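A.B. asks: Mind looking over this structure? Questions follow.
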Amino acid sequence: MKDSVEDTLGKIEQYFSILRKVLSPDEMSNLENSDIGRLAICPRGLTVDDGGEAGALIAFSLQVALKAKALASAFGVDPKSIVKVSLLHELGKMGHLSEESRQLYLEQDSDWHREKLGQNYKYNPGCSRMNIGHRTLWMLSSLGINLNQDEFVAVLTSQGFHLQENSFYASTAPPVACLLQASRLAVISFSEA
């Protein structure tokens, strides 16, 4: 179900309010000086089922963070650490950090794709190709947002241990990475129910 404008604005406000608690003042300032307006309205996929709605990236990340924080003690994970990676793990879905012309998703201009496939968005051919974990880590590095080794692995593998490039980490993944995977799966599974 599509959120109202008020619901979306409330989620954006909550997202940034929580983020201010887990980032240093310098890290938050760097993020605020980037294109956070585009972050606020960024989709997280092509279709509605994939998060193909304005604001879906923040809404999903916020749900993951709240679920992960609730489970942190059971996984033996620092709540601040898991909330930080949960809120930031899909930042790469913005595409390029500051150049709007290189955003990952563009509004779908094909009636056929919208009507037959339900695609509200399409991939931008002008955006350099990177997987989401790698692009997110590049963006965080560019913003001066520091991650410890476990947080780095959690973001790197955030799209799933089932992916070939992440399977190497599956048997030795730090608890924060496992909790991020579990929280993402819980949010995705229960939002489809």
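The values are calculated or read from the model by the stated rules, or taken from the named source; none is laboratory data. What you are looking at is a predicted structure, and each value in this text was computed from that prediction instead of being measured. Don't worry about glycine lacking a Cβ; one is built from the backbone with ideal geometry, like all the others, and counts go over all protein chains shown. With ligands, DNA and RNA removed, areas are computed over all heavy atoms of the protein, side chains included. Shrake-Rupley method; radii C 1.70, N 1.55, O 1.52, S 1.80 Å.
A.B. asks: Considering only residues that are in a helix (DSSP H, G or I), of a type outside the set (S, T, N, Q) and closer than 24 Å to G45 by Cβ, which ones fall in the range 155-175? Please lay out each step first, then the result.
C.D. replies: Within the range 155-175, the subset in a helix (DSSP H, G or I) is 155-156, 164-167, 175.
Applying the additional criterion that residues be of a type outside the set (S, T, N, Q) yields 155-156, 165, 175.
Matches in the range 155-175: V155, L156, E165.
A.B. asks: Using the structure shown, decide if S101 is more than 16 Å from P174 (Cα to Cα), open to solvent by 20 Å² or more (accessible area, probe 1.4 Å), in a helix (DSSP H, G or I) and out of contact with any Pro (no Cβ under 6 Å at 6 or more places or on another chain).
C.D. replies: Criteria met by S101.
A.B. asks: Can I ask one more? State all residues of the range 142-154 that are assigned to a helix (DSSP H, G or I) and either at pLDDT below 95 or under 14 Å from L23 (Cβ atoms) (or both); if no residue qualifies, say none.
C.D. replies: S142, E151, listed by residue number.
A.B. asks: Taking the range 149-169, which residues are open to solvent by 50 Å² or more (accessible area, probe 1.4 Å) and either farther than 17 Å from L91 by Cβ or among the hydroxyl-bearing types (S, T, Y) (or both)?
C.D. replies: Scanning the range 149-169 gives Q149, D150, H162, L163, Q164, E165, S167, F168, Y169.
A.B. asks: Could you check the range 1-90 for helices (runs of 4 or more DSSP H) lying wholly inside it with 2 or more residues that are under 26 Å from D150 (Cβ atoms) and either open to solvent by 70 Å² or more (accessible area, probe 1.4 Å) or modelled with pLDDT of 95 or more (or both)?
C.D. replies: Where helices (runs of 4 or more DSSP H) fall fully within the range 1-90 and carry at least 2 residues being under 26 Å from D150 (Cβ atoms) and either open to solvent by 70 Å² or more (accessible area, probe 1.4 Å) or modelled with pLDDT of 95 or more (or both), they are 5-22, 25-32, 56-75, 79-88.
A.B. asks: Looking at the range 123-140, can you tell me whether even one residue there is basic (K, R), farther than 17 Å from L185 by Cβ and open to solvent by 60 Å² or more (accessible area, probe 1.4 Å)? So that I can check it myself, show each step before the final result.
C.D. replies: Taking the range 123-140 first, the residues basic (K, R) are 129, 135.
Now narrow it down to the ones that are farther than 17 Å from L185 by Cβ: 129, 135.
Now narrow it down to the ones that are open to solvent by 60 Å² or more (accessible area, probe 1.4 Å): 129.
Within the range 123-140, one or more residues are basic (K, R), farther than 17 Å from L185 by Cβ and open to solvent by 60 Å² or more (accessible area, probe 1.4 Å).
A.B. asks: Something else about it: State yes or no: is R129 without any contact (Cβ under 8 Å) to a residue 60 or more places away in the chain and part of a loop (DSSP other than H, G, I, E, B)?
C.D. replies: On the way: without any contact (Cβ under 8 Å) to a residue 60 or more places away in the chain: yes; part of a loop (DSSP other than H, G, I, E, B): yes.
Yes; evaluated as a whole, the condition is true for this residue.
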